[in-house]
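What follows is a single structure, written as structure tokens, with notes after it.
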Amino acid sequence: MIARSLDSLSNIEFKEVDLSKGQYLYLARICEQPGMIQEKLAERIKVDRTTAARAIMKLEEKGLIEKRDAEDNRKIKMLFPTEKGLEVYPFIMREHAHSNSVALHGFSEDEADILLRLIRRVRKNVEKDWEYVKKGNKRSY
């Protein structure tokens, strides 16, 4: 519920910079790690390759990112933010900081640190399961 609520808010607020449906996540990661390849980006965001390809194509069409050939292998396309994408990135980060501030309102610094550590543990658990299933395995219930 928290993730969906924050995602919904972001999608509404990012309309003014022509981003929607989680595209801001892709742009933020590309700005943070210029030169990342599509497969690594999909893995980092935890989406399938097709979903990532669609989002990347839309970001490219909007002039927010560009693909460049890797120097050692022209088949590999590296992703870079454009100047326009770099201009949007601070807006994304301000929204992120504001959402964090709202979410952690009333928490002490120690409580926020504890929560972050616990969420990271949950993420690691879920990532293991996600990777297991993405490799074609079935979970036992």
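The values are calculated or read from the model by the stated rules, or taken from the named source; none is laboratory data. For clarity, every value in this text was computed on a predicted model and none was experimentally measured. Methodologically, a virtual Cβ is constructed for each residue, glycine included, from the backbone with ideal geometry; neighbour enumeration extends over all protein chains shown. With ligands, DNA and RNA removed, areas are computed over all heavy atoms of the protein, side chains included. Shrake-Rupley method; radii C 1.70, N 1.55, O 1.52, S 1.80 Å.
Screening Glu16 on (1) within 26 Å of Trp130 (Cβ to Cβ); (2) open to solvent by 30 Å² or more (accessible area, probe 1.4 Å); (3) not in a loop (DSSP other than H, G, I, E, B) shows it passes everything except condition (1).
Here Lys21 does not qualify as under 13 Å from the mean Cα position of the chain (by Cα), among the basic types (Lys, Arg) and closer than 21 Å to Arg123 by Cα. Remark: pairs (first residue in the stretch 23-51, of a type outside the set (D, E, K, R); second residue assigned to a loop (DSSP other than H, G, I, E, B); Cβ separation under 7 Å; 6+ apart in sequence or on different chains) = Leu27/Leu19; Leu27/Leu64; Ile37/Ile76; Ala42/Asp48. Scanning the stretch 96-131 for residues that are surrounded by 11 or more Cβ atoms within 10 Å (Cβ to Cβ), under 21 Å from the mean Cα position of the chain (by Cα) and farther than 29 Å from Ile12 by Cα yields Asp129, Glu131. Just one of (1) at pLDDT 90 or above; (2) open to solvent by less than 80 Å² (accessible area, probe 1.4 Å); (3) under 20 Å from Ala97 (Cβ atoms); (4) not hydroxyl-bearing (Ser, Thr, Tyr) trips up Leu6, so point out which. Of everything listed in (1) at pLDDT 90 or above; (2) open to solvent by less than 80 Å² (accessible area, probe 1.4 Å); (3) under 20 Å from Ala97 (Cβ atoms); (4) not hydroxyl-bearing (Ser, Thr, Tyr), Leu6 misses just condition (1). Each residue in the stretch 50-97 was checked for being in a loop (DSSP other than H, G, I, E, B) and among the polar types (S, T, N, Q), and 2 of them qualify.
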